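Each value in this text was obtained by applying a stated rule to the coordinates, not by laboratory testing. Bear in mind that the values here come from a model prediction, so they are computed numbers and not experimental data. Ideal geometry is used to build each Cβ from the backbone, glycine not excepted, and the neighbour counts take in all protein chains shown.
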Amino acid sequence: MKAMREACYRDAARFLGAKSAEDRAALMPILLKAEPIVLSAAREKHILTEAPVAVQGDQFTLDGLQPISSPDLCRLFQGSHRAVAVAITLGAEMDSAIRRYLLKDPGLGAAVGALASAYVDDLLDQLMAQENARLMEQGFILSPRFSPGYGDVPLSWQKPFTAFLHTEKIGVRLTEQCLMIPEKSITALAAVRPSGMEEEQ
């Protein structure tokens, strides 16, 4: 069974409220206990695709979707005409494992949940890094990723975005509140930029 990267422990500790190196050190024993549970329950699946985008004023359009008003996305995609869209999940078994451990050992259950959140985020970082390496061979780079519910992009945009990605193919659906099930799932969008283009600050 593979080991997690150090970033997973750091982020999981932060999710559990750690504010210092001492706090993180104190949480390491329970995080190490949670690690094999997370790795055993994880059923990672993902969808990654490229799509055209258009920016006009504050209006952002992904492929054929209804345009949305988002200065944040328009800044991110300034000078870009393509996006990498991605969805990743750890699967339903992870949600079941978290619920199971929260019932019988709440402290360990919380650690499993925090570590699962950090792990899916790290897997997405690795996936985007691989895609960035591929694009660099073609003279492009990826921008930082952006997800519905952040900045000025409403969480409700998750509905057309997940439909565009066909996330049902990897077992991801939305609640009425546009939250993803399984819970340890992420969708994201990144701009494909010419490699010489400076990133917008």
Next item on the list: Find how many whole Å separate the alpha carbon centroid of region 15-44 from the alpha carbon centroid of region 129-201.
Entry: 26 Å
Notebook entry, point to check: Hey, in the GNM for the chain with a 10 angstrom Cα cutoff, which one of Ser69, Ser117, Ser147 fluctuates hardest?
Noted result: Ser69
Checklist line | Rounded to whole Hz, the Karplus (6.51, -1.76, 1.60) HN-Hα couplings of region 178-193, x for glycine and proline | finding: 6, 8, 8, 10, x, 5, 7, 9, 9, 10, 7, 9, 9, 7, 9, 10
Check: For region 112-172, what ratio Rg/Rh do Cα atoms give with a Kirkwood hydrodynamic radius?
Finding: 1.02
Margin query: What distance in nm lies between label points placed 7 Å from Cα along the C-beta direction at Leu155 and Lys19?
Written below: 2.6 nm
Notebook entry, point to check: If one puts a single equal scatterer on every Cα of region 6-194 and applies the Debye formula without solvent, what log₁₀ I(q)/I(0) results at q = 0.08, 0.14, 0.18 Å⁻¹?
Noted result: -0.29, -0.83, -1.17
